[in-house]
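This report refers to the structure that appears directly beneath it.
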Amino acid sequence: MTSTMRVLVLEPESFAEGAASRIAQVLRRAIEERGRATWALSGGGTPQPVYELLAARAGIDWGRVELFFADERAVAPTHEDSSFRMVEASLIQPLGLGAPAIARMEGEDPNPFAAAERYMDRLPARLDLVLLGMGPDGHTASLFPGRDKDWGRAESVRVVSDSPKPPPVRLTLSPEYLQLSRELIVLARGADKAERVAAALDPATDKIECPAALAAQGLWILDPPAASNLPAVLGT
């Protein structure tokens, strides 16, 4: 682990609040510096309570925040597996945000490549914040280990057609575009993540085999079980 890497370890009872506070800081700073904030969200169980806390938090000018998505499954926005559906229920509806503030990935389009092209047109040159999770295999967004061996391509959105987790077809922000973000925050909880967390924060790790390593320079917010293998990386 290098000195530039940032890790925040929080107990379960303070995890969501701590993550919400850090996200709020980034959004407020972006608004102060550039007049607006652009934020790409992720789905899953870990960020849901964070979004709920943010929806109830004062001090964020949500009228100056534009929401994007890090990835989406090839399902309708009302489907139970849709990341948009979860974000809509936990953040968008409680805040009363309108369509202009929300850039949804159209996962239901039978032509995912057309959906990816449209999303590329909506993305800014650089996002202020991306919130990511990480699976026990080291995947992040819909970038899976060993699946994408051609990093360095120019596009900001990719179609994944062979996800090892259903559904197989997904849209995802590319690793190159994710790394352009002004801030990356990764949330990871649980002992089953510990090995891959340590790998992702090890500079020697191959990003193709552990895609979450693309966010190594970001802020990692972990619970103690997810952080339990970090001393091995630190050499202590």
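The values are calculated or read from the model by the stated rules, or taken from the named source; none is laboratory data. The structure presented is a predicted model; accordingly, all values stated were derived computationally and were not measured. Glycine gets a Cβ as well: all are built from the backbone with ideal geometry, and neighbour counts include every protein chain shown. Note: accessible area is taken over every heavy atom of the protein model, side chains too, but ligands, DNA and RNA are not part of it. Shrake-Rupley method; radii C 1.70, N 1.55, O 1.52, S 1.80 Å.
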* Relative to the Cα centre, what is the charge dipole magnitude of the range 10-88, using +1 at the beta carbon of each Lys and Arg, -1 at the beta carbon of each Asp and Glu, and rounding to the nearest 20 debye? -> 360 debye
* To do: Calculate the translational D of the range 65-160 in whole µm² s⁻¹ from Stokes-Einstein, where the hydrodynamic radius comes from the Kirkwood formula applied to all Cα pairs, the temperature is 25 °C and the viscosity 0.890 mPa s.
  => 168 µm²/s
* Asked: Pulled fully out, how much extra length does the chain show between GLU80 and GLU33, if you take 0.36 nm times their separation in residues and subtract their Cα-Cα distance?
  -> 13.2 nm
* Structure fact -> Placing +1 on each Lys and Arg Cβ and -1 on each Asp and Glu Cβ in the chain, then taking the dipole about the Cα centre, the residue among ALA200, MET5, VAL157 whose Cα reaches farthest towards the positive end is MET5
* Computed magnitude of the charge dipole of the range 30-165 (debye, nearest 20; Cβ of K, R +1, Cβ of D, E -1) -> 200 debye
* Between ALA56, ALA76, ALA216, find the one with the highest GNM mean-square fluctuation for the chain; connect C-alpha pairs within less than 10 Å. => ALA56
* To do: State the label only: which of (i) 25, 22, 17; (ii) 72, 23, 16; (iii) 43, 19, 16 corresponds to semi-axes √(5λ) of the Cα gyration tensor in Å computed from the shown model?
  => (i)
* Asked: What is the spin-label model distance, in nm, from LYS165 to ARG126 if the labels are put 7 Å beyond Cα along the C-beta direction?
  -> 3.0 nm
* **Electrostatic dipole magnitude of the chain [Cβ: Lys, Arg +1; Asp, Glu -1; Cα centre; debye, to 20]** => 460 debye
* Pick from GLU195, GLU33, GLU72: which is most flexible by mean-square fluctuation in a GNM of the chain where alpha carbon atoms under 10 Å apart are linked? -> GLU33
* Asked: How do ASP202, ASP128 stack up against each other in accessible area, from largest to smallest, with a 1.4 angstrom probe?
  -> ASP202, ASP128
* Asked: For labels at GLN25 and ARG118 in the simple 7 Å Cα→Cβ model, what's the distance in nm?
  -> 3.8 nm
